Amino acid sequence: MPARAPACFLDHDGRVFLVEEHGVLRLPRRDEVPFPFREKRTIELRGTRVVFGNPEALHGHDEWPWKDDLPFLGNVEPLARTASNVSMARVVSKGVFARPGGEVLLVKPKVGFFTGRWSLPGGYLDYGESPEECVLREVEEELGVPGELGRLLHVESEVVASGIHFLSFLYEGTLRHERFALKADEIEAVRWFPLRDAAREVGSALGRKGIDQLLAERVA
């Protein structure tokens, strides 16, 4: 028996191509797409292979539903809602807070993606925040210490294994003091690491890139 064609999540400028079946809007199968499209990646969602891509030529694009409207439409299949949610980037902002001697502060979260692993301080943007405001808020909330930011070190766009798209900002910064008051339900520990040790310990690729940049500048 031939394998079922994958579903396709095809969007352009915030609109999504869906097909209607028995009054329900659903993702089309590959063989139901009437126009050529560029494939970006294939992800398993709700037990179904879903191809994410963009149309090469538009056909009635202005009549496609807005991606932002899908959660509020009562006749949209769950798979289409899930794919739409996955496609929206999550924005994260973190900081490399260093001492004058070159040590970098790492935190060990109790919750979230890096639970139990060393990570740079920071987190998800709140509604209406800038990336800079996010880092400073997270540091003061979780560590009880105000900070100051310097330059932007790196911006990373990454799709992880689950299909979620992360857009991450990394800043250089300093702390005004070291009298930590950890947020007990979120942070297990904090520790200063020499730059080279921090590059090995930090759990994220973005963090390693930022620390490696500082290392390279010190050697140069």
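The values are calculated or read from the model by the stated rules, or taken from the named source; none is laboratory data. None of the values given here were measured: they were computed from a predicted structure. Every residue, glycine as well, gets a Cβ built from its backbone with ideal geometry; the counts of neighbours run over all protein chains shown.
Here are a few things to note about the model shown:
- Checked against (1) touching a residue at least 40 places away in the same chain (Cβ under 8 Å); (2) surrounded by 16 or more Cβ atoms within 10 Å (Cβ to Cβ); (3) in contact with a helix residue (DSSP H, G or I) (Cβ under 8 Å, 6 or more places away or on another chain), Met88 meets all criteria but (2).
- Single residue of Arg41, Arg46 found to be without any contact (Cβ under 8 Å) to a residue 40 or more places away in the chain and more than 19 Å from Pro65 (Cβ to Cβ): Arg46
- Among the residues examined, Arg176 does not qualify as closer than 22 Å to Asp212 by Cα, outside the structural domain of Val50 (by TED's automatic domain parsing) and either in contact (Cβ under 8 Å) with a residue 12 or more places away in the chain or not acidic (Asp, Glu) (or both).
- Residue in the range 157-173 that is in the same structural domain as Phe97 (by TED's automatic domain parsing), closer than 16 Å to Gly95 by Cα and either β-branched (Val, Ile, Thr) or assigned to a loop (DSSP other than H, G, I, E, B) (or both) present: no
- Scan of the range 92-122 for residues that are among the aliphatic types (A, V, I, L, M) and surrounded by 15 or more Cβ atoms within 10 Å (Cβ to Cβ), ordered by number: Val92, Val96, Ala98, Val104, Leu105, Leu106, Val107, Leu120
- Looking at Leu149, Leu125, just one residue is surrounded by 14 or more Cβ atoms within 10 Å (Cβ to Cβ), without any contact (Cβ under 8 Å) to a residue 60 or more places away in the chain, closer than 30 Å to Leu18 by Cβ and not assigned by TED's automatic domain parsing to the domain that holds Leu27, and that residue is Leu125.
- Screening the candidates Glu138, Glu217 for the property of being in a helix (DSSP H, G or I) and free of Cβ contacts under 8 Å to residues at least 12 places away in the same chain yields one hit, Glu217.
- Scanning the range 12-42 for residues that are of a type in the set (Asp, Glu) and outside any strand (DSSP E or B) returns Asp13, Asp31, Glu32.
- Counting the residues of the range 184-209 that are over 14 Å from Gly102 (Cβ atoms), small (Gly, Ala, Ser) and in contact (Cβ under 8 Å) with a residue 24 or more places away in the chain gives 5.
- If you check Phe97, Phe114 for being assigned to a loop (DSSP other than H, G, I, E, B) and of a type outside the set (Ser, Thr, Tyr), only one passes: Phe114.
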